[in-house]
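What follows is one structure encoded as structure tokens, with my remarks underneath.
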Amino acid sequence: MIGSIFKSIQSTFLNIHKFGMYWVFIPSFIVWLIYFLILLNSESVFEGIHAYDQISIFGWEIKLETYISGVEWFYFFILFELFKFVALTLLSPFHAYISEIYDQKLTGNQFKFSFLRMLEDLFRGLVISITAFSLEMLFTGFWLILNLFLPLEFFTPLAFMLISSFFFGFAFFDFSLERHEYGVLSAWNYAFQKASSCFWIGALFSIIMYIPHAGIIIAPPLITLLATQRFLILKGKEKNPFPTLKESNTP
């Protein structure tokens, strides 16, 4: 399993080189640049606030460092999660596009665009998003209820990671499922049948995202292409899913 994952990552990078698809990282680079500028300004603001880590009022020394640090941590956590949301949600039309381009290059499939198809995809995407959020909250709530009766607190971070990884992975697979005309029910059926692939695709996305700065740039487009390739491998439509370095340099 681990070997297959590393082979998939390697082949995706090789295909990016082979097809000259470095441009797929441009939108997420722009998102990172905005994030970086806000990050710099925010750090400057908190440096000024930390001047009040300890204040004196009528001779009483009051230490505020713990509270300020807590607010600072929470702010930067929310900022990161916000930009992760932007990278996933607002860039999803672009990710659907690069998934389609990658599919065409790997298989030769051609997909016709139409206004009706776009409206159907938007409606389908809305239903999928609402269903995914509801299911994620349901599984999370079920785990929290279990914690009331069983001593499972130690496993809670792992459980939350697995739950979020599954839904992240499914979101990336869904670009291909949508294009290959899977309905809402058939898409969910696919997700649960291929749960292990959804888990590791989503977990890989989360891990790469936490690489300082580079993660926001690399993770969304890379995982989109990786999920597209994995989808095609599972369908048996890709003749040579793991090209060699020599093949990757072949026009």
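Things to note:
- Against the numbered list (1) closer than 20 Å to Phe85 by Cβ; (2) of a type outside the set (Phe, Trp, Tyr); (3) surrounded by 14 or more Cβ atoms within 10 Å (Cβ to Cβ), Ile130 comes up short only at (3).
- Scanning region 191-227 for residues that are of a type in the set (Val, Ile, Thr) and more than 12 Å from the chain's Cα centre (by Cα) yields one hit, Ile211.
- Where Asn109 falls short, out of the listed (1) assigned to a helix (DSSP H, G or I); (2) surrounded by 10 or more Cβ atoms within 10 Å (Cβ to Cβ): (1)
- Of the residues screened, Phe175 is not one that is touching a Phe, Trp or Tyr at 6+ places or on another chain (Cβ under 8 Å), within 16 Å of Gly202 (Cβ to Cβ), at pLDDT 80 or above and surrounded by 17 or more Cβ atoms within 10 Å (Cβ to Cβ).
- Here Leu79 meets each of (1) in contact with a helix residue (DSSP H, G or I) (Cβ under 8 Å, 6 or more places away or on another chain); (2) without any contact (Cβ under 8 Å) to a residue 24 or more places away in the chain with one exception, condition (2).
- Selection from region 125-152 of residues that are farther than 30 Å from Ser92 by Cα and in a helix (DSSP H, G or I): Leu144, Ile145, Leu146, Asn147, Leu148, Phe149
- Residue in region 228-238 that is farthest from the chain's Cα centre (by Cα), counting only those that are part of a helix (DSSP H, G or I) and among the basic types (Lys, Arg): Lys235
- Residue check for Phe166: free of Cβ contacts under 8 Å to residues at least 40 places away in the same chain and surrounded by 15 or more Cβ atoms within 10 Å (Cβ to Cβ): yes
- Selection within region 216-251 - under 24 Å from Ile163 (Cβ atoms) and at pLDDT below 90: Ile216, Leu234
- Taken as a whole, the condition of being surrounded by fewer than 13 Cβ atoms within 10 Å (Cβ to Cβ) and among the β-branched types (Val, Ile, Thr) does not apply to Ile201.
- Residues located in region 47-88, provided they are within 27 Å of Leu37 (Cα to Cα) and basic (Lys, Arg): Lys84
- Of the candidates Thr156, Thr131, Thr224, the single residue that is β-branched (Val, Ile, Thr), within 28 Å of Gln104 (Cβ to Cβ) and out of contact with any strand residue (DSSP E or B) (no Cβ under 6 Å at 6 or more places or on another chain) is Thr224.
- Residues within region 178-223 that are acidic (Asp, Glu) and either within 20 Å of Leu90 (Cα to Cα) or part of a helix (DSSP H, G or I) (or both), tallied: 1
The values are calculated or read from the model by the stated rules, or taken from the named source; none is laboratory data. Predicted model, so just to flag it, every value in this text is computed and none were measured. Here Cβ is always computed from backbone atoms with ideal geometry, including for glycine, and neighbour counts include all displayed protein chains.
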